[in-house]
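Heads up, the thing below is written out as structure tokens.
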Amino acid sequence: FVKDSPNSASAASEAQPAAESKDFQLSNKTQRYLLTLARQRITAATQGQSWQLQAPELAEVQQPGAVFVTLHKEKRLRGCIGTTRAAYPLYQAVAELAYAAAFEDSRFPQVTAAELPALDIEISVLSPLQPISSADAIIPGKHGVVVRRGGRSGLFLPQVWEQLPVKEDFLGYLCAEKAGLPPDAWKDSGTTLYIFTVFSFTE
């Protein structure tokens, strides 16, 4: 299973022709199923229980999906791992990424069983990435952004606009903190920008 770390995002192969993303949603039943699945996966791992993923009957979750799983504890980030590649069924991606967010995010210690009651799970399903020719196409508060130049890349989900509401700051931090590029690299003609939208839901 190929995952994007919090500091990188592969964007070339899954990018779509430039066009405005269409808003999309998942049913309440599907949201509940995916959130329950994510919590069950993390709980089983913290308690050393065996885990076997069963294919569900819900059609929505059997389609390939690009998704991020974010963990918060007392409103503070506790882990976040995702993928921009819609290469696996959504239910499988959520289960794998929930585990990765809890145990493989190098910024945090592994989640313990004692933390589970205070842990909040958020799932963000991504639209296809769309290359843009100018940052003018980015709508603050709506679009997530991927920046890519050479072998370096980084991704911010739309939720990051809450902390960085000014576009220049958002893009500068994305370049410097996530992609390891100069803060103004997003202005360079050799840098490629991609936008996407997300459908996010939480417990």
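Annotations for the structure displayed:
- Some residue of the range 25-34 being of a type outside the set (Val, Ile, Thr), in contact with a helix residue (DSSP H, G or I) (Cβ under 8 Å, 6 or more places away or on another chain) and farther than 21 Å from Leu116 by Cβ: yes
- Of all residues in the range 175-197, exactly one satisfies the criterion of being over 17 Å from Gly144 (Cβ atoms) and either part of a strand (DSSP E or B) or polar (S, T, N, Q) (or both), namely Ser189.
- Residues that are touching a Pro at 6+ places or on another chain (Cβ under 7 Å) and either among the hydrophobic types (A, V, I, L, M, F, W, C) or surrounded by fewer than 21 Cβ atoms within 10 Å (Cβ to Cβ) (or both) do occur in the range 107-119, at least one of them.
- Some residue of the range 55-70 being under 12 Å from Leu119 (Cβ atoms) and either at pLDDT 90 or above or part of a loop (DSSP other than H, G, I, E, B) (or both): yes
- Scan of the range 126-146 for residues that are surrounded by 14 or more Cβ atoms within 10 Å (Cβ to Cβ) and of a type in the set (S, T, N, Q), ordered by number: Ser127, Gln130
The values are calculated or read from the model by the stated rules, or taken from the named source; none is laboratory data. Values in this document were obtained by computation on a predicted structure and should not be read as measured data. All Cβ positions, even for glycine, are placed from backbone atoms using ideal geometry, and neighbour counts span all protein chains on display.
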